[in-house]
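Following: one structure in structure tokens, then a few remarks.
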Amino acid sequence: MQTLLNEFRHIVGAAHVYTDGDLTAWEQDWRKRSHGKALAVVRPASTEEVAQLVKACATYQALHPTSGVSIVPQGGNTGLVVGSTPDDSGHQIVLSLQRMNTVRSLDADNLTMTVEAGCILQNLQERAEESNLLFPLSMASEGTCTLGGNLGTNAGGTQVLRYGNTRDLCLGLEVVTAQGEVWHGLSGLRKDNTGYDLRNLLIGSEGTLGIITAATMKLYPLPASQLTAWAAVPSLEHAITLLGLAHRHLGAGLTGFEVMSQFALSLVAKHFPLLLVPLHLDAPFCVLLENSAHESETHTRGQFEGLLETALDQGCVTDAVVSESLSQANQLWHIRESIPLAQALEGLNIKHDISIPVSSIPAFVHATDALLQKAIPGVRLVNFGHLGDGNLHYNVQAPEGMDAAAFLRAHEEQVNTLVFDSVAQFNGSISAEHGVGSLKVDKLEHYKSPVALDMMRAIKRALDPHNLMNPGRVVRV
Ligand SMILES: Cc1cc2nc3c(=O)[nH]c(=O)nc-3n(C[C@H](O)[C@H](O)[C@H](O)COP(=O)(O)OP(=O)(O)OC[C@H]3O[C@@H](n4cnc5c(N)ncnc54)[C@H](O)[C@@H]3O)c2cc1C
């Protein structure tokens, strides 16, 4: 393998090939569930270098078919399903795109920007804003995650309700294939029906079909005003009624609709006492709504007040506040985004990132809560998520006083099976946002239809016949 490492050094420069020292930042996943061992961390600076690296690996693998050499593309390493870190074989190369972080162009008339895969999401939002434009992809990891990782996982986030997933924001890609060829598919076209949609095949493929090196993304006019409201609701059924009312009153202005259970908010209040969590003490659920409009703030506030008045009259909201300033709106979002951290401080827990048709969510939650309580009396359920997209973080915490690690050891498999079986019964998905990675490969084999799995394997074999790209992730071949 020394010859291969020397070739890497020749391609990207010795300073950008790491083989020893502390490589934890690249070898360990965000949630510290897995710490692998890389043959090397390699950091190319251009598409051409990525192509040369892949060619070098492909050639080496063809000459040494049992060497186990393969490539794990990596961006910010914030993925939550162990997809961007190496296994412990010591034969996988972490190909980090972090140095490819240039905004190649911004076309204000076409409302697009073409950027490299290693650009940090928050930097892209700021670059768009400098041109008075909006890049709407947004999530709590935005200070670290990269566009390549967002595309690799088809990330969602907080604005999906209005702007869609990363897939919906992408018009074109530049990709290095598993053979080391470059597909120049960058395009600012909103209409292009010229055969199979390769772009959509690559998006969400989690680095298993090729390496995304650049993308052309959609931009939008910046909203003139943006307000956030926080409403207490008596039940999940009432939250769904409120969602319907919000669609009717706010139209395309509705950019966020997040639900949080009382227990989820009580964890925030307990672990972050300086954050003042509004209205949660007497309400089983609270909802955070965001209204973004191209009208004045007075108009946007009037729309919100109209919505909340109707909702109060109909009894689907018992109390509500509307943010008075940007900093107040940020505080409300901060409370919502603090739930995962508060949960972590409470102890290890079993996470599920699921989607269910919005109309079935209350029935799903009631049925699954009851099954879990029957199986493990006293188990605590931390429910929150992007209700407007039918996406719930349905997390399961040990009963009060029980050792969290012992709870996980004893019950993780049982809980996962129970929750995923219930998701399947309600025609949902076992992974709404985070992808499959290596954590959910077994589950996918169980819950995805055999016909779909066969098509996925056929695609993987066709595009990556030597299983060079992130093997063992998403689908086994
Ligand atoms: C605090 C926190 C909040 C989060 N919130 C959300 C959320 O709201 N919504 C959501 O969807 N996700 C969320 N995530 C998950 C994660 O941030 C996203 O999936 C993000 O898109 C990953 O980007 P990354 O650059 O860190 O990718 P990485 O973790 O480095 O990689 C993720 C996957 O993409 C592949 N990949 C990376 N770069 C490329 C590339 N250039 N070409 C091909 N494949 C590539 C990797 O091989 C891996 O399989 C959150 C994570 C954290 C830690």
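The values are calculated or read from the model by the stated rules, or taken from the named source; none is laboratory data. All figures in this text were calculated on a predicted structure; none of them were measured in a lab. Positions of Cβ are backbone-derived with ideal geometry, glycine not excepted, and every protein chain shown enters the neighbour counts. These accessible areas exclude ligands, DNA and RNA; they are computed on the full protein's heavy atoms, side chains included. Shrake-Rupley method; radii C 1.70, N 1.55, O 1.52, S 1.80 Å.
Summary table
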{"quantity": "Label-reachable residues, the stretch 206-223, where backbone N falls under 16 Å from a point 7 Å from N132's Cα toward its Cβ", "calculated": "220-223"}
{"quantity": "Sequence of M113, M1 when ordered by accessible area, the most exposed leading, probe 1.4 angstrom", "calculated": "M1, M113"}
{"quantity": "Three-way shape label, the stretch 347-477, alpha-carbon gyration tensor, a/c 1.5", "calculated": "prolate"}
{"quantity": "Long-range amide H partners of T112 with built H, under 5 Å", "calculated": "D107, L219"}
{"quantity": "Nearby lysines by direct alpha-carbon distance to K218 (threshold 19 angstrom, same-chain neighbours under 8 apart not counted)", "calculated": "K191"}
{"quantity": "Charge dipole (debye, nearest 20) of the stretch 375-455; +1 at Cβ of Lys and Arg, -1 at Cβ of Asp and Glu", "calculated": "60 debye"}
{"quantity": "Accessible surface ranking that places the most exposed of T114, T59, T213 first, with a 1.4 angstrom probe", "calculated": "T59, T114, T213"}
{"quantity": "The stretch 15-59, relative contact order [Cα under 8 Å, separation at least 6], %", "calculated": "39 percent"}
{"quantity": "Pair L274, D107: separation of 7 Å Cα→Cβ label points (nm)", "calculated": "4.6 nm"}
{"quantity": "Spin-label model distance (nm) - A25 vs M1, 7 Å beyond Cα toward Cβ", "calculated": "2.2 nm"}
{"quantity": "Relative contact order for the stretch 351-395, counting Cα pairs under 8 Å that sit 6 or more residues apart, in percent", "calculated": "56 percent"}
{"quantity": "GluC sites (Glu not before Pro) restricted to the stretch 317-384 and DSSP loop, no more than 14 other C-beta within 10 Å", "calculated": "E324"}
{"quantity": "Computed lengthening from A15 to S325, 0.36 nm per intervening residue step minus Cα-Cα distance", "calculated": "106.9 nm"}
{"quantity": "The stretch 238-378 - percent of accessible surface contributed by carbon and sulfur, probe 1.4 Å", "calculated": "59 percent"}
{"quantity": "Lysine pairs with alpha-carbon atoms under 23 Å apart, the stretch 328-477, spacing 8 or more or separate chains", "calculated": "8"}
{"quantity": "Per residue, in Å², the accessible surface of the stretch 27-144 once ligands and nucleic acids are set aside, probe 1.4 Å", "calculated": "41 Å²"}
{"quantity": "Cα gyration tensor category, rounded, prolate or oblate, for the stretch 174-276 with a/c compared to 1.5", "calculated": "prolate"}
{"quantity": "Calculated over the stretch 60-99: convex hull of Cα atoms, volume per residue (Å³)", "calculated": "72 Å³"}
{"quantity": "Sum of side-chain charges, V72 neighbourhood, beta-carbon under 15 Å (Lys, Arg +1; Asp, Glu -1)", "calculated": "-3"}
{"quantity": "Sequence-separation-based contact order of the stretch 67-148, relative, with Cα cut under 8 Å and 6+ spacing, percent", "calculated": "28 percent"}
{"quantity": "Accessible area per residue in Å² at 1.4 Å probe, computed on the stretch 168-213", "calculated": "48 Å²"}
{"quantity": "Global form of the stretch 261-321, assessed from the alpha-carbon gyration tensor, a/c cut-off 1.5", "calculated": "oblate"}
{"quantity": "Stokes-Einstein D (µm²/s) once Rh is taken as the Kirkwood radius of the chain over alpha-carbon pairs, at 10 °C in 1.306 mPa s", "calculated": "67 µm²/s"}
